[in-house]
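J.: Below you will find the structure I want to go over with you.
Here, each number is a calculation from the coordinates, and none is a lab measurement. Quick caveat: nothing in here was measured; it's all calculated off a predicted structure. Here Cβ is always computed from backbone atoms with ideal geometry, including for glycine, and neighbour counts include all displayed protein chains.
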Amino acid sequence: MPPNTLPTSIDPREETPLSYEVPLAPGEKLPDLPDRTIAAAGWPLWEVFVRQRRGLSHIHAGSLHAPDAETALQNARDVYTRRVEGVSLWVVRSDDITASDPDDAAELFEPFGEQPYRHATFYEIPDEVGHM
Amino acid sequence: MEQAERFQAIVDAEDKIEPTDWMPEEYRKTLIRQIAQHAHSEIIGMQPEGNWITRAPTLKRKAILMAKVQDEAGHGLYLYSAAETLGITRDEMMRLLHTGRHKYSSIFNYPTLTWADMGAIGWLVDGAAITNQVMLTRSSYGPYARAMVRICKEESFHQRQGYEIMLTLCRGTDEQKAMAQDALDRWWWPSLMMFGPHDAESTHTEQSMAWKIKRISNDELRRQFVDMTVPQADYLGLTVPDPELRRDDATGHYAYGEIDWDEFWTVVKGDGPMNRERLEAKNRAWDQGAWVREAASAHAAKHPAHQHRSA
């Protein structure tokens, strides 16, 4: 898979070739284990958002695999809030997120950098006027 | 600007590389290998400590140990997620671990023989891990660096609880103190080996440093660890098992003896005391969990449209 595509869920029950060579130490022998197909679950990826406390928005914390939304929420609680990092959780299927194209970043965001007049500091107000 | 130049410019500017950015294929492969093996280490690292959960001396120690082992699972999950952003699947990483084609830290191929080993692991092994991981919070790959920030916050608890176990033993009976010394004797050298071969023999270091995957060399990290840890051993009243260890007053650093590199390579190549058992236990756990995964998948298939209220 090229590095500029986000991984999508595949069916791991189908044996896929390894994506890269695994180097061995000089003189190393592989352990005497069969190279069996692991019966994996192939669960989809979910993105986890945590609201740290009331008054703040949910912020992306990370991701995890789960078979459904309910299990994703339970797992998100164990993986991302073991130290009361949140009071509320969102989980969203990663596949359902539409992201901006990184190649468009310059076109999308840079024009705003040329518009300083959108900022309060662009305007000079005499000190006598006081705080504004 | 050419892709490769733009990539290196981002790295040189101390900015982060993110999953959708162009990156050299070697950078991607190096990171997959490093992050996946880091994740495997967290997961296999649950075994030596899990070994003592049922035999913890008090309910408090048992609760702490369970929380710590659960943290290790969590750390493994953060790291697997980070590796997946590079285009490898979770299941492929599992397969690489289960078939022995991916390594994990050799430190977990040593046995945990006494309760004091829970102290020594927290203090020394997690201490060595923190030294390495603090550096990795500044790694050039965004998802890896972010996972490290999270992990470092939690590792601090691990190291402190380990040191507190050692402190309690050292303030206890002669027998308890002897147990603490024995644990230090067995874990000291393997902990120093965690930093890897000498810089001169480390093949990947130079490129990893240029890409800012790695920021500090193996020998420099090892020196930081020794300088930090020896005074802590002194406070416990324990003796570091190295007759050549001495403080150099001119530099303020400790000089220490040579690591047994034959032992290091023996364990790396799979012939350490516990290599076989760790891998078998991991495979067994995976196989025995198959029915849980199947049941969860079946449940999800039967209830395709679970709706949840937003918070």
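J.: Suppose the chain between residue B:284 and residue B:26 were pulled fully straight at 0.36 nm per residue; how much longer would it get relative to their current alpha carbon spacing? Numbers along the way, then the final one.
T.: Numbers: separation 258, 0.36 × 258 = 92.88 nm, distance 3.36 nm.
Extra length from residue B:284 to residue B:26 when fully extended: 89.5 nm.
J.: What whole-number distance in Å separates the alpha-carbon centres of the stretch B:170-242 and the stretch B:264-289?
T.: 23
J.: Averaged over its residues, how many other protein chain Cβ atoms are within 10 Å of peptide A:75-88's Cβ atoms?
T.: Rounded to a whole number, the mean comes out at 2.
J.: Sort the stretch B:191-311 into rounded, prolate or oblate with this rule: let a ≥ b ≥ c be the square roots of the eigenvalues of the Cα gyration tensor; rounded if a/c is under 1.5, and if a/c is not under 1.5, prolate when a/b is larger than b/c, oblate otherwise.
T.: Working: a/c = 2.40, a/b = 2.11, b/c = 1.13.
Here the stretch B:191-311 falls in the prolate category.
J.: How do B:101-114, B:233-246 rank on mean C-beta neighbours within 10 Å, highest first?
T.: Values: B:101-114: 20.2, B:233-246: 14.7.
Highest to lowest by the protection proxy: B:101-114, B:233-246.
J.: For the protein assembly as shown, give the share of DSSP beta bridges that are antiparallel, in percent and rounded to the nearest 5; count only bridges with both residues there.
T.: On the way: 15 of 16 bridges.
Close to 95 percent.
J.: A follow-up question, please. Please work out whether chain B counts as rounded, prolate or oblate from its C-alpha gyration tensor, where a ≥ b ≥ c are the square roots of the eigenvalues and a/c under 1.5 means rounded, while otherwise a/b larger than b/c means prolate and anything else oblate?
T.: Values: a/c = 1.85, a/b = 1.18, b/c = 1.56.
Here chain B falls in the oblate category.
J.: At residue B:66 and residue A:117, where each label point lies 7 Å from the Cα along Cα→Cβ, what is the point-to-point distance in nanometres?
T.: A separation of 6.5 nm, rounded to one decimal place.
J.: Once both labels are modelled 7 Å past Cα along the beta-carbon direction, what's the residue A:93-residue B:215 spacing in nm?
T.: Roughly 3.9 nm, to one decimal.
J.: For labels at residue B:15 and residue A:127 in the simple 7 Å Cα→Cβ model, what's the distance in nm?
T.: Taking the simple label geometry, residue B:15 and residue A:127 are separated by 3.9 nm.
J.: Oh, and also: How high is the FRET efficiency from residue B:174 to residue A:84, r the C-beta distance, R0 35 Å, rounded to 0.05? Each step should come with its number before you reach the end.
T.: Values: r = 41 Å, r/R0 = 1.18.
Given R0 = 35 Å and the Cβ-Cβ separation, E is 0.25.
J.: Which of rounded, prolate or oblate describes the stretch B:48-186 when judged by the alpha-carbon gyration tensor and an a/c cut-off of 1.5? Could the numbers behind the result be given before it?
T.: Details: a/c = 2.29, a/b = 1.86, b/c = 1.23.
Note, shape of the stretch B:48-186 comes out prolate.
J.: Tell me the net charge near residue B:52. Cut-off is 11 Å between Cβ atoms, residue B:52 excluded, with +1 for each Lys or Arg and -1 for each Asp or Glu. Spell out each step's value before the answer.
T.: On the way: positive: B:55, B:61, B:62, B:68; negative: B:49, B:117.
The answer is +2.
J.: Quick one: which residues, 5+ away or cross-chain, put their amide H under 5 Å from the amide H of residue A:62? H built at 1.01 Å from N.
T.: Placed amide hydrogens put A:48 under 5 Å from residue A:62.
J.: Here's something else I'd like to know. Among all the lysines, which ones have a C-alpha under 29 Å from residue B:60's C-alpha, if same-chain residues fewer than 8 places away are not counted?
T.: List returned: B:68, B:153, B:177, B:282.
J.: Please work out how much length the chain gains when fully extended from residue B:5 to residue B:301, using 0.36 nm per residue of separation minus the C-alpha to C-alpha distance, in nm with one decimal.
T.: 101.8 nm is the gain from fully extending residue B:5 to residue B:301.
J.: With r as the distance between the Cβ atoms of residue B:246 and residue A:57 and R0 = 56 Å, compute the FRET efficiency 1/(1 + (r/R0)^6) and round to 0.05. Mind showing how you got there, number by number?
T.: Values: r = 55 Å, r/R0 = 0.98.
Efficiency, rounded to the nearest 0.05: 0.50.
J.: Now for a separate question. Run the helix sum for the protein assembly as shown: -39,500 (n - 2.57) per DSSP H stretch of 4+ residues, divided by residue count, reported at 222 nm to the nearest 500 deg cm²/dmol. Walk me through the numbers on the way to the answer.
T.: On the way: 16 runs with 214 residues, N = 443.
When only DSSP H runs of four or more count, the value is -15500 deg cm²/dmol.
J.: Continuing with the same structure: What does the structure give for A:65-72 when I average, per residue, the other chain Cβ atoms found within 10 Å of the residue Cβ? Please list the in-between numbers first.
T.: Numbers: counts 7, 2, 10, 10, 6, 6, 5, 3.
Mean partner shielding for this stretch: 6.
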